[in-house]
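Participant: What follows is a single structure, and I will ask about it in a moment.
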Amino acid sequence: MNLSENPKGLIAALLAMLLVFIGAVLYENGFITEELYLKIISAANPGISADSELEVHFIDVGQAECILIKAPEKTVLIDAGDIGYGKTIERYLRTEGVITIDYFIVTHPHADHIGSAADILRKFPVAEVIMPEIPSEYLPATSLFEDFLKAIKRKNCVLSYSENGRKIELGGGAFIEILGPAGYSGDNLNNYSVISKLRYGETSFLFTGDAEEEAELLLLGSGADVSCDVLNAGHHGSSTSNCAALLKAADPQYAAISCGYNNDYGHPHRETLAAFRDFGIGYFRTDYDGSIVFGSDGKTLEIFTEG
């Protein structure tokens, strides 16, 4: 991001970076708790201004994932939380003025990513659903997945399989590019996750679903450009994802972790948080911060959290 053309933005960004750095030092040396460290990060980023023409919302849906992208001309939804979160997501989208979902990317067919997908399809016009092509023998034979497919058919949506290299124009120069899955062929549904990169001007976001280390390494081996300003932490911050090679190649400034408070999986794992700190990545997490919103004017990022 080039901040040199925006002096006020540069000063604010430098002060915010200094505050985050001091907080990280204090946390690393045991002087403050992780919760206080996260509050310091939040305080360094007070809100989204009208200058932000693109917004990325990591919606708090507990131990699940749902991401809203409000681009200059199009709206994208990535995943739809777990079962029972349909009303929560619908209320959030309507509050944000969403009327139509242009692209609904379903990263993979696990319940914590498609749980309320059928509800969303029933409540909103959806132009196109994008999902990974998974061998039929590995597709879940669950009523939840069947309901999702039936809802797509009932709404007469375009259903497309993810195609690596596909660029989806979102208006104003913003676009999202499909990067993966990159050749995985096993039985782990997480590794079929659709991986995509959103770009707007000089800012970028990488979304990895639940892709684990094997899929991350395949992605890097494909030569995909994974550099980003904001990383959607893989698999809710699990240590099975977010491998060092990916973090080094992506080199994000921030990571956003979708996870539920005191969840049974221990997400985000301590190893992941330690890796983020080692790579100088400031992180936010929905269990502490609530919904996390990144705004971009194409050059600088703003961050707002509910917490």
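The values are calculated or read from the model by the stated rules, or taken from the named source; none is laboratory data. These figures come from a predicted structure and were not determined experimentally. No Cβ is skipped: glycine too gets one built from the backbone with ideal geometry, and neighbour counts run over all protein chains shown.
Participant: Which ranges mark the strands (runs of 3 or more DSSP E) fully within the range 260-307 that have 1 or more residues being of a type in the set (D, E, K, R), modelled with pLDDT of 95 or more and under 26 Å from Thr95 (Cβ atoms)? First the steps, then the outcome.
Facilitator: Working: elements: 282-285, 292-296, 301-305.
Filter on the range 260-307 gives 282-285.
Participant: While we're here: Looking at Ser241, Ser204, which one is in a strand (DSSP E or B) and modelled with pLDDT of 95 or more? Working first, answer last.
Facilitator: Numbers: Ser241 fails: in a strand (DSSP E or B).
None of the other options fit; the residue is Ser204.
Participant: Going residue by residue through the range 272-289, is there one that turns out to be acidic (Asp, Glu), under 24 Å from Leu54 (Cα atoms) and crowded, with 22+ Cβ neighbours inside 10 Å?
Facilitator: Yes, the conditions are met somewhere in the range 272-289.
Rundown of residues vs (1) part of a helix (DSSP H, G or I); (2) acidic (Asp, Glu); (3) at pLDDT below 95, yes/no style:
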site	(1), (2), (3)
Leu68	no, no, no
Ala80	no, no, no
Arg94	yes, no, yes
Pro109	no, no, no
Ile120	yes, no, no
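Participant: Take the range 192-213 and flag every residue that is buried (at least 24 other Cβ atoms within 10 Å of the Cβ) and under 15 Å from His236 (Cβ atoms).
Facilitator: Those that are buried (at least 24 other Cβ atoms within 10 Å of the Cβ) and under 15 Å from His236 (Cβ atoms): Ser193, Phe207, Thr208, Gly209, Asp210, Ala211.
Participant: If you don't mind, there's one more thing I want to ask. What about Ala50, is it modelled with pLDDT under 95 and hydrophobic (A, V, I, L, M, F, W, C)? Talk me through it step by step, then tell me what you get.
Facilitator: Working: modelled with pLDDT under 95: yes; hydrophobic (A, V, I, L, M, F, W, C): yes.
Against the criterion (modelled with pLDDT under 95 and hydrophobic (A, V, I, L, M, F, W, C)), Ala50 qualifies.
Participant: Sticking with this structure for a sec: Scan the range 105-114 and tell me whether some residue there is under 14 Å from Asp147 (Cβ atoms), surrounded by 23 or more Cβ atoms within 10 Å (Cβ to Cβ) and free of Cβ contacts under 8 Å to residues at least 60 places away in the same chain.
Facilitator: Yes, the range 105-114 has at least one match.
Rundown of residues vs (1) closer than 22 Å to Asp264 by Cα; (2) part of a loop (DSSP other than H, G, I, E, B); (3) touching a strand residue (DSSP E or B) at 6+ places or on another chain (Cβ under 8 Å), yes/no style:
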position: Gly62; (1), (2), (3): yes, yes, no
position: Pro72; (1), (2), (3): no, yes, yes
position: Glu128; (1), (2), (3): no, no, yes
position: Glu137; (1), (2), (3): no, no, no
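Participant: Quick check, is Pro252 assigned to a loop (DSSP other than H, G, I, E, B), free of Cβ contacts under 8 Å to residues at least 60 places away in the same chain and touching a Lys or Arg at 6+ places or on another chain (Cβ under 9 Å)? Give the derivation first.
Facilitator: Numbers: assigned to a loop (DSSP other than H, G, I, E, B): yes; free of Cβ contacts under 8 Å to residues at least 60 places away in the same chain: yes; touching a Lys or Arg at 6+ places or on another chain (Cβ under 9 Å): no.
Against the criterion (assigned to a loop (DSSP other than H, G, I, E, B), free of Cβ contacts under 8 Å to residues at least 60 places away in the same chain and touching a Lys or Arg at 6+ places or on another chain (Cβ under 9 Å)), Pro252 does not qualify.
Participant: Six or more apart or on different chains, Cβ atoms under 7 Å: show the pairs whose first residue is in the range 145-170 and assigned to a strand (DSSP E or B) and whose second is acidic (Asp, Glu).
Facilitator: Close Cβ pairs (under 7 Å, with a partner that is acidic (Asp, Glu)) amount to Val158/Glu128; Ser160/Glu128; Tyr161/Glu133; Lys167/Glu177; Leu170/Glu73.
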